[in-house]
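Nothing in this text is a laboratory measurement; each read-out follows from the coordinates by a stated rule. The model shown is predicted, which means the values in this text are computed figures rather than measured ones. Because the Cβ atoms are built from the backbone with ideal geometry, glycine has one as well, and the counts that use them run over all protein chains shown.
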Amino acid sequence: MTKKSETSSRFVRYFGPILDALRALGGSGSPREVIQKIVQDLNIPEDVQNELLPSGQSRFENQVAWARYYLVQEGLLESSKRGVWSLSERGRHTHLSLAQAQEISRKGDRAYQKKHAEKGDAQPIALEVTVEHPSAHPDYRSQLVELMRQLPPAGFERLSQRLLREAGFSQVVVTGKSNDGGIDGHGTLQVNPLVSFKVLFQCKRYANSVSSPDIRNFRGAMAGRADKGIIITTGTFTAEALREASRDGVPPIELIDGERLIDLLERLELGLKPVQTYAIDESFFNEFRS
């Protein structure tokens with residue numbers, strides 16, 4: 001097997017599992033829900049889940065994102081604008097074998113080549129999944145996460161403070177105490193006129209992953225001081241950290257990784273300006289061509 005086909009098969013093997021996961025989730029799901037279902041269905045080892053690309057993104061999640069891109073091109077998944085993955089009508093009734101998945105991959109590669117050949121800039125499609133696909137992860141997202149990683153610690157704490165305020169928290173204070181068990185600040189979330197709770201937060205400008213010991217240490221520091229904790233990072237969380245954060249019998253900790261952090265900045269339009277563009281509707285002009 002050539003290096004190219006070996007690389008391709010790393011994400012092609014997730015074509016069928018993505019469709020199966022979405023069917024099990026009722027036809028749609030967030031990327032995190034789909035990934036967790038695939039982990040469960042395929043029993044993905046933790047070392048595979050935790051392996052990172054040079055960019056700091058999970059290699060496994062990047063491969064799943066590539067697989068999703070090909071399924072959208074094939075018309076088996078809808079192209080969502082709100083970050084929700086969903087089956088098309090055709091996708092609901094499609095069950096893929098590995099051979100069928102490989103044919104979809106080849107078909108997608110041919111379409112890519114044809115598109116660029118028509119533009120006069122034909123080039124091989126980059127199947128090496130260490131490169132994030134621009135359709136799965138727009139370039140501004142990688143630029144933004146790199147910008148945040150270069151902020152000074154105090155600056156990233158103040159950015160997190162602004163984010164929490166815009167998200168509905170009040171009395172958000174950055175403590176920034178180096179001897180406070182890793183707690184960088186606190187705030188209050190008013191659920192309704194009668195119910196509110198205090199939240200402690202921690203900010204980590206990581207390029208790599210936050211591990212389960214980090215979660216346990218933060219929980220120990222917040223013991224008896226708050227109802228809930230939030231960890232905000234520009235990196236990712238290991239599989240063990242995700243489990244530790246939601247472990248039964250202990251205070252829950254909300255985890256916001258780099259991808260989710262950018263999603264929140266997009267939703268709140270903080271540091272990001274939406275840009276409108278247009279695609280030409282060729283069919284509209286057909287009646288004027290004769």
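General remarks:
- Protection proxy ranking of 142-152, 32-42 - average other beta-carbon atoms within 10 Å, highest first: 32-42, 142-152
- Annotation: amide H-H contacts under 5 Å for Leu77 (H modelled 1.01 Å from N, sequence separation of 5 or more, or interchain): Val72, Ser88.
- Listed residue (Leu147, Val199, Met222) projecting farthest to the positive dipole end of region 135-233, Cβ model: Met222
- Cβ-based charge dipole, the chain, positive-most Cα from Gly258, Ser160, Ser30: Ser160
- Computed E for Asn217/Arg23 - FRET, C-beta separation, R0 41 angstrom, nearest 0.05: 0.55
- Using only side-chain charges placed at the Cβ, +1 for Lys and Arg and -1 for Asp and Glu, the dipole size of the chain relative to its Cα centre rounds to 180 debye.
- Taking 0.36 nm per residue of separation and subtracting the current Cα-Cα distance, fully stretching the chain between His93 and Asp41 would add 16.8 nm.
- Stretchable slack from Ser290 to Lys107, in nm (0.36 nm times residue separation minus alpha-carbon distance): 62.4 nm
- Region 42-55 - phi-based ³J(HN,Hα) in whole Hz, Karplus 6.51/-1.76/1.60, Gly and Pro as x: 9, 6, 5, x, 5, 5, 6, 5, 8, 5, 10, 7, x, 6
- Overall form of region 140-233: oblate. Here a/c, set by the Cα gyration tensor axes a ≥ b ≥ c, is 1.5 or more, and a/b is not larger than b/c.
- Sites Val195 and Ser30 - FRET efficiency at Förster radius 30 Å, r taken between beta-carbons, to 0.05: 0.70
- The chain: C-alpha gyration tensor shape, a/c 1.5 cut-off, then a/b vs b/c: prolate
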